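The values are calculated or read from the model by the stated rules, or taken from the named source; none is laboratory data. Computed from a predicted structure; not experimentally measured. Cβ sites come from the backbone with ideal geometry, for glycine too, and all protein chains shown count toward neighbours.
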C-alpha cells in the first residue's frame, strides 16, 4: 500500500542520516579515549586503530538501536507536524497500521544487531583483551623507544638504549638507572641482549661499568665488568588469566551458567530485546500535536532510551549478583516494556474516543 512505501522510504532516509551522525560522535569519543589509553601505556600506539575498531564493533548494536529509535520518532513526528497523519487517519488508517511498515524497515537492523551481540561482541572483546595482554607482557626493554629515556613498568628503573629496530631484542649503548630503598646504581654498557632463565627475563650487559651510591652514607662504588645481568621482568610469560564473561562466546555462557556468565547473557539478550521493544515503543512516542511545533516527543524518546538502557545494565548487575534469576529479570524488564508499548499504542489510537470521568464533568458543567 501507499502508506507502507511512504513510511519505509522516509524511515530509511532518516535512519541513514541519524546513524551517520551518531557514528561520527561516538567514534570521535572512542578515538580520544583510545589515544588516552595509548598515552598511558595501556595499549600499544600501533594498535590504536585495531582497538578502536573492536570497541566500535562492540558498541555498534546500541548505536543501531538508538538510530532506528530516533529515526522512527523523527519520521512519524514530522508526519504529525505536517498534518500527513491527519490525512491517513481521515482515510481510516489508524496508528497501529504504521507498525507494519516500521517493522518491515527495522527487521534488517534487528538481524544485524543480533549477529553483533551474540557473535561479534565477544570476538571483539577477546581480541581487544589479547592486544592489551600482549602489550602488557612485553619486557621493559621492548617498551623502550630507541634514543628515549623511559621508566620500567614498576617505576624503579630508567632505560636508555640505542637499537637498530624497535622489534630487536639486542641493544647497544645501554644506560640503566636503578633506584631502590637505600641505594642507587647507574649501569652503562656497550652492548646488551635479553635472556630468559627459569621464567625470568634478564638483560645481559657486556663491556660496561656500574656506579653504586649509598643514599644514607653517600658512599660510592665504581666497578667495571665484561658481563653483567640485570633483572628486567620477574616472569617472562604471565599465566593466562580467566577471560571475563564479556569475552566469552554465547554458547560457552549457556554451557557454563555461573552468576557472572548469566549476567553477561542477560545483557546480550536484553540489548536484543530492547532493540525490538524500542521499535514498537517509538510509534506511540512519535505522536504529537501539529498545533504545537515542538520536539518534546523526541526529548521524551531520548529519555526513555536512557532509562531503558540503564535498566538493561541494572539487570546485568542483578543477575550477576544472584539477586534475581535470568528468566525473571528478562520477563520483568522487557516484558513490562513490551506491555507499556502496547498500552501507549492503544491509548494514542483511542484517546480521541475515550470519555474519561474528568472530561465528562467538564462537559456537563459547560
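Being part of a strand (DSSP E or B) and over 43 Å from the mean Cα position of the chain (by Cα) is the filter; apply it to segment 174-188 and report the residue that is farthest from residue 215 (Cα to Cα). Step through it out loud before you land on a result.
The initial filter retains those residues of segment 174-188 that are part of a strand (DSSP E or B), namely 174-179, 183-188.
With over 43 Å from the mean Cα position of the chain (by Cα) added as a condition, the list becomes 183-188.
Values: 183: 5, 184: 7, 185: 10, 186: 13, 187: 17, 188: 20 Å.
Only one residue tops the list, namely 188.
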Subject >> Exclusive hit being buried (at least 16 other Cβ atoms within 10 Å of the Cβ), in contact with a helix residue (DSSP H, G or I) (Cβ under 9 Å, 6 or more places away or on another chain) and part of a loop (DSSP other than H, G, I, E, B), set 26, 43, 7 >> reply: 43
Original post:
With respect to the numbered conditions (1) modelled with pLDDT of 85 or more; (2) surrounded by 19 or more Cβ atoms within 10 Å (Cβ to Cβ); (3) over 25 Å from residue 273 (Cα atoms), which one is the sole condition not fulfilled by residue 79?
Top reply: (1)
**OP:** Name, by its number, the condition in (1) at pLDDT 80 or above; (2) surrounded by 18 or more Cβ atoms within 10 Å (Cβ to Cβ) that does not hold for residue 135.
**Re:** (1)
Subject >> Only one of 89, 69 that is without any contact (Cβ under 8 Å) to a residue 60 or more places away in the chain, assigned by TED's automatic domain parsing to the domain that holds residue 15 and either touching a strand residue (DSSP E or B) at 6+ places or on another chain (Cβ under 6 Å) or farther than 13 Å from residue 26 by Cβ (or both) >> reply: 89
